[in-house]
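Have a look at the structure below before the remarks.
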Amino acid sequence: MGWISPTDFVDGGGVWTDEPLAYDENTVTYAYASALKSGWTDYFELTHPVADCDKVRIWVSILIANINTMEVDVFYYGDTWHNIYSGVIITDQFVEYPIGSTQSVTAIRIRFYSTKASAAGCRVHEADFNEVVGVVIVDGTGAGSGVGLATSTALLKVTGQGQGSGVGLFTSTALLTVIAQG
């Protein structure tokens, strides 16, 4: 599938401005946090309906050198936050942050660390989820065999053979081949 943009945001601390500009498909515009205190900023969270992802990418910039570290977390659907990056800030380009496996993800959250209080701030220009498409092959053979499958996004080939075989499928987005014989 490829890169998909967030659809909403959460600014729990109320320190960010122009939040929707962090997902408007334009790297010139940005969400902005200023008047930073010494230490970590509040999280800036970007959300999307559940998507199977293997990485995220983010384009950020900073306005002063004392903002020197950032953290990136992703939220697994029905689970909790997982940190996927904590380190040096790479600015003015897309940087990909791998999740480590394909997970059903609903949000990215970002925060920055400043070594001292400052009126200058940090910017999030764009953030995206890398939605992957899984390939699932399910084969149910034999009398009375049945196959049931639920997926959000997949390429599917489902076969069932034998007397009483049945194929049941729930999907929101799929390229599907179903063969039921018997």
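The table for this structure:
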quantity	calculated
Approximate spin-label separation residue 5-residue 94, in nm, with each point projected 7 Å along Cα-to-Cβ	1.3
Highest to lowest packing among 7-17, 52-62, 21-31, scored as the average C-beta count within 10 Å	52-62, 21-31, 7-17
Kirkwood Rh in Å, taken over all unlike Cα pairs in region 59-137	14.0
Over region 2-131 - Rg/Rh using Cα atoms and the Kirkwood inverse-distance radius	0.94
Cβ crowding within 10 Å averaged over residues, with 120-126, 41-47, 74-80 ranked highest first	120-126, 41-47, 74-80
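Bear in mind that the values in this text are calculations on the coordinates, not laboratory data. Values in this document were obtained by computation on a predicted structure and should not be read as measured data. Cβ coordinates were reconstructed from backbone atoms using ideal geometry, including for glycine residues, and neighbour counts include every protein chain displayed.
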